[in-house]
Amino acid sequence: MLKKILTYPFIAIVRFYQVAISPYTPSTCRYTPTCSHYTIEALQKRGLFMGSWLAIKRIFSCHPWGGSGYDPVPEKK
C-alpha cells in the first residue's frame, strides 16, 4: 500500500506527459516498450527508488548511439 502511495504522483506525471506532451513531439524512442511505458512499469513493479533508477538509466541510454529493441523491466532477483 505504501509503495502505491509513494509512486502515484510520479506515475501521474508520466501519464500527463503521455497525454499532454508526447502527442505533439516526434516519436524518437528506440526501445519497446517506450521509455514512458517502461518508467510506469518500473515504478509499479520495483517501487519508487529502484524504479526511478531503472527509468533514469533507460532514458539516458535512449539516444542514437545507445541500444534499441525490446527491453523489458528486469524482474526482482
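Here Y31 meets each of (1) among the aromatic types (F, W, Y); (2) within 20 Å of Y70 (Cα to Cα); (3) open to solvent by 40 Å² or more (accessible area, probe 1.4 Å) with one exception, condition (3). Residues that are of a type outside the set (G, A, S), touching a residue at least 12 places away in the same chain (Cβ under 8 Å) and assigned to a helix (DSSP H, G or I): does region 56-67 have at least one? Yes, because at least one residue in region 56-67 is of a type outside the set (G, A, S), touching a residue at least 12 places away in the same chain (Cβ under 8 Å) and assigned to a helix (DSSP H, G or I).
A search for C-beta distances below 6 Å between a residue of region 1-21 that is among the basic types (K, R) and open to solvent by less than 100 Å² (accessible area, probe 1.4 Å) and any residue that is part of a helix (DSSP H, G or I) and at pLDDT below 95, counting only pairs 6+ apart in sequence or on different chains, returns K3/G47.
The set of residues in region 36-65 being surrounded by fewer than 17 Cβ atoms within 10 Å (Cβ to Cβ) and touching a strand residue (DSSP E or B) at 6+ places or on another chain (Cβ under 9 Å) consists of S61 alone.
Looking across region 30-50, the residues that are on the phi < 0 side of the Ramachandran plot, part of a helix (DSSP H, G or I) and more than 8 Å from the chain's Cα centre (by Cα) come down to Q44, K45, R46, L48, F49, M50.
The values are calculated or read from the model by the stated rules, or taken from the named source; none is laboratory data. Fair warning: this is a prediction, and the values are worked out from it, not measured in the lab. Methodologically, a virtual Cβ is constructed for each residue, glycine included, from the backbone with ideal geometry; neighbour enumeration extends over all protein chains shown. Side chains included, ligands, DNA and RNA excluded: accessible areas come from the protein's heavy atoms. Shrake-Rupley method; radii C 1.70, N 1.55, O 1.52, S 1.80 Å.
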